[in-house]
Amino acid sequence: MDYVQPSPTALFTGGPALRLIDIALSVQDSGGKLSLDDEIRRYIRVVGKDWAAHWNCSVYVAAGVLEFTGDCVARSGTLESYPSEFMEKVTRAAAGMDPAEYLRTLAEMVRILDREPAPEYGELPMAGWEFLQMFPHLFGFDAVLMDEGGAPSFSAIVHASVTSEHPYCHDRAVAYTTEAQRALVLFPGEQCLKGHLYWATRDGLRELIDTINDHMQREHS
């Protein structure tokens, strides 16, 4: 019975390999403003601080996926059998380098940087894309604030957003308060996340948490 080499095609319509290639392209497109090492360090930090992401696909596994792709590309000698988006991005990222060798090199860079201690935010500030991955629900709440600009107070908007799904408001309440508390711990200064969200100061995030906790205690305890 002939052995059929498995194709990685389905892995590269999304997932860690495409994310890492996107990061490499963002560095190229920055015109020297971004460092590939630092952007990979941020990727490692994002995965490492999310237990579900780390459990499901660690940074080491992501590097293995890149290397596996490189091996498959080397065997086939072409990117033609891969999804068009992946083929275009790898070709552009490789910038004239052999695509298989480029993927293997990127994988090794990820492995090397993964051996380092993750940098603190004071050493390597949180990037915009990193913020969106770590605080997606707080970012989404910003749109709620803009839509409800005529509400009497910040706490009233928080209350309305959570109770709009009452009595099935647990998921939204947990998402908001978890991210808010995480921000308070990671960025303990008075400004907290204000650099990314104008309202997400220490006081603003505390008000969000207190408003939600008050609702949950009154309506669900």
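The values are calculated or read from the model by the stated rules, or taken from the named source; none is laboratory data. Keep in mind that what you see is a predicted model, and the values were worked out from it rather than measured. Cβ: placed from backbone, ideal geometry, glycine included. Neighbour counts: every protein chain shown. Ligands, DNA and RNA are excluded from the accessible area calculation, which covers all protein heavy atoms including side chains. Shrake-Rupley method; radii C 1.70, N 1.55, O 1.52, S 1.80 Å.
Any idea what angle helix 136-147 forms with the longest principal axis of the chain, computed on alpha-carbon atoms, 0 to 90 degrees, nearest 10?
50 degrees
Give, rounded to the nearest 20 debye, the magnitude of the charge dipole that region 92-221 has about its Cα centre when Lys and Arg contribute +1 at Cβ and Asp and Glu contribute -1 at Cβ.
Working: 10 positive and 20 negative charges, 20 e Å.
Roughly 100 debye, rounded to the nearest 20.
Along the three principal axes, how long is region 136-221 when you take its alpha carbons, biggest first, rounded to the nearest angstrom?
33, 28, 21
How long are the semi-axes of the equivalent ellipsoid of region 1-124, taking √(5λ) for every eigenvalue λ of the Cα gyration tensor, in whole Å from largest down? Let's see the in-between values first.
On the way: eigenvalues 132, 64, 27 Å².
Output for region 1-124: semi-axes of 26, 18, 12 Å.
Nearest 20 debye, what's the magnitude of the dipole of region 1-115 about its Cα centre given +1 on Lys and Arg Cβ and -1 on Asp and Glu Cβ?
The dipole of region 1-115 has a size of about 420 debye.
Could you check how many percent of all C-alpha pairs in the chain are farther apart than 21 Å? Kindly include the intermediate steps, with their values, before the conclusion.
On the way: 15222 of 24310 pairs.
Of all Cα-Cα distances in the chain, 63 percent exceed 21 Å.
Helix 170-186 versus the longest principal axis of the chain: what is the Cα-based angle in degrees, 0 to 90, to the nearest 10?
With rounding to tens, the tilt is 80 degrees.
Probe radius 1.4 Å, ligands and nucleic acids ignored: give me the carbon and sulfur share of the accessible area of region 21-168 as a rounded percent. Display every interim value, and only then the final one.
Values: 4410 of 7800 Å².
Answer for region 21-168: carbon and sulfur cover 57 percent of the accessible area.
Region 90-177: which GluC sites (Glu not before Pro) are DSSP loop and have at most 16 other beta-carbon atoms within 10 angstrom?
Values: sites: 101, 108, 120, 123, 130, 148, 165; in loops: 120, 123, 148, 165.
Those that pass, being in a loop and sparsely packed, are 120, 123, 148, 165.
Against the longest alpha carbon principal axis of the chain, how many degrees, from 0 to 90 and to the nearest 10, is the axis of helix 202-220 turned?
70 degrees
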